[in-house]
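For reference, the structure discussed in these notes is given below.
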Amino acid sequence: MAKVSMSVNGKPVTGEVEGRTLLVQFLREGLGLTGTHVGCDTSQCGACVVHVDGRAVKACAIFAAEAEGAEVTTIEGMADADGSLSTIQQAFQDHHGLQCGFCTPGMVMSAAALLAENPKPSEAEVRDYLEGNLCRCTGYHNIVKAIMAASGQDVAIAAE
Amino acid sequence: MYAFEFDRPATLDEAIALMSEEEAQALGGGQTLIPTLKQRLAAPARLVSLTAIPELAGVCVADDGALCVGATTTHAAIAQEAAAHYPALAALAGNIGDPAVRNRGTIGGSVANNDPSACYPAAVLASGATIKTANREIAADDFFEGMFATALEEGEIVTEIRFPVPEKAAYMKFEQPASRFALVGVFVAKFAGGVRVAVTGASEEGVFRWTEAEEALSANFSPDAISGLSLAADNMIGDLHGTPEYRAHLAKVMTGRAVAAAG
């Protein structure tokens, strides 16, 4: 076991981890932050996407020890300071961008990373950016609408 | 995943020392290695993470105009930082996997792994790049030795890939839609001294140069130049995604598209 220290959602945290402890295990089992989901554990579904130093990564494909000293943001850190839903989260609610909700944490984290990089993406860019986030319920249209709305753009999408 | 010792050295010298230990394995971005460890297809005694070594990351331009890419530079960083100097390489990097994979995966990891369907080996071979390790330089033509096999010695660490920049180049990938690896990908690079064509995803031997197409394109750099050529299906990969004949045909089609895209 080795000690690991990082910042998670703005708070300094430390813990004991094995070399093989994945970041997602440290977040969920070590810190009790169970909003980050493990959908496939084969790094395909994107339900575990978190931000490490501002970049979207799959928390099931990085060891906790690799995040030593990093700034990590999870879905628990996405609400506004007063606890209300952030613009992206509110847009997912307004546009029914989820059904079962299992993939939603990863979708919101990917959407936030996209909009940080590209504040006014086209619909095609949104779909392209979500390539690594699988949703088995919605058919994606409402997720795309929610992200377009969160970027302050028209939500009419070409696929309909 | 079996247990292992984990090290995250801050200097190359420390990494080299750790890699000399029994059953040590270098870790780049882990986007292939971590899933492999989970499936217990690899069981190293020690993982040596290279991503905390500052001098191994980043893109620069050498005095001779070559593009130097540090081994732990991520696909996302290459997509951005190589765009001005070597746009075909940047475009290839920006279309690997998905955004979260591109934020972790590294060029050194991909090249050292030499997956027969990975994108970078095609760029490295077609560019005639040089693979630098901690103690030597290896020409791309000597580096790739077959499926998942390279000229790297036990414990040898890739530090940099140095790409001569072609006059014109393009990479065309026919994507396997679930894995986003290349079902077949072709990188075409036109230099003053001739054209190099490298094909990934197709052969049981891993990435290879299509020398007939290189000769034809060196004489006439247009898609028509290869219309009379065909690749033999012997040694091509056959699986549920495509037969050897299909891959051989696809390699020719993607070569033509790459030439057209390179202009």
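Values quoted throughout were computed directly from the atomic coordinates according to the rules given, and no laboratory measurement underlies them. For clarity, every value in this text was computed on a predicted model and none was experimentally measured. So basically every Cβ, Gly included, is an ideal-geometry build from the backbone, and we count neighbours across all protein chains shown.
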Got a sec? Which of A:Ala91, A:Ala79 is more than 14 Å from chain B (Cβ to nearest Cβ), touching a helix residue (DSSP H, G or I) at 6+ places or on another chain (Cβ under 9 Å), of a type in the set (A, V, I, L, M) and surrounded by fewer than 16 Cβ atoms within 10 Å (Cβ to Cβ)? A:Ala79
Quick one: count up the residues across region A:2-23 that are within 14 Å of chain B (Cβ to nearest Cβ) and either surrounded by fewer than 17 Cβ atoms within 10 Å (Cβ to Cβ) or not in a strand (DSSP E or B) (or both). 9
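May I ask you to list the residues in region B:200-222 that are crowded, with 16+ Cβ neighbours inside 10 Å and not aliphatic (A, V, I, L, M)? I'd like the intermediate steps shown before the answer.
First, the residues of region B:200-222 that are crowded, with 16+ Cβ neighbours inside 10 Å: B:200-203, B:206-210, B:213-214, B:216-218, B:221.
If the condition is that a residue be crowded, with 16+ Cβ neighbours inside 10 Å and not aliphatic (A, V, I, L, M), then B:Thr200, B:Gly201, B:Ser203, B:Gly206, B:Phe208, B:Arg209, B:Trp210, B:Glu214, B:Ser218, B:Phe221 are the ones that fit.
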Output the number of the condition that A:Val57 fails; it satisfies all remaining conditions of (1) in contact (Cβ under 8 Å) with a residue 40 or more places away in the chain; (2) under 9 Å from the mean Cα position of the chain (by Cα). (1)
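Select the strands (runs of 3 or more DSSP E) contained entirely in region B:8-123, then report the ones holding at least 2 residues which are within 14 Å of chain A (Cβ to nearest Cβ). Before you say what the answer is, go through the steps one by one.
Values: elements: B:24-27, B:46-49, B:59-61, B:67-70.
By residue number, B:24-27, B:46-49.
Being more than 14 Å from the chain's Cα centre (by Cα), within 12 Å of chain B (Cβ to nearest Cβ) and touching a residue at least 12 places away in the same chain (Cβ under 8 Å), is that true of even one residue in region A:133-143? Can you show your working first?
Step one: list which residues in region A:133-143 are more than 14 Å from the chain's Cα centre (by Cα), which gives A:136-142.
When the remaining residues are screened for being within 12 Å of chain B (Cβ to nearest Cβ), the result is none.
No, region A:133-143 contains no residue that is more than 14 Å from the chain's Cα centre (by Cα), within 12 Å of chain B (Cβ to nearest Cβ) and touching a residue at least 12 places away in the same chain (Cβ under 8 Å).
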Name the single residue, out of those in region B:141-156 being in a helix (DSSP H, G or I) and in contact with a Leu (Cβ under 9 Å, 6 or more places away or on another chain), that is farthest from B:Val48 (Cα to Cα). B:Asp141
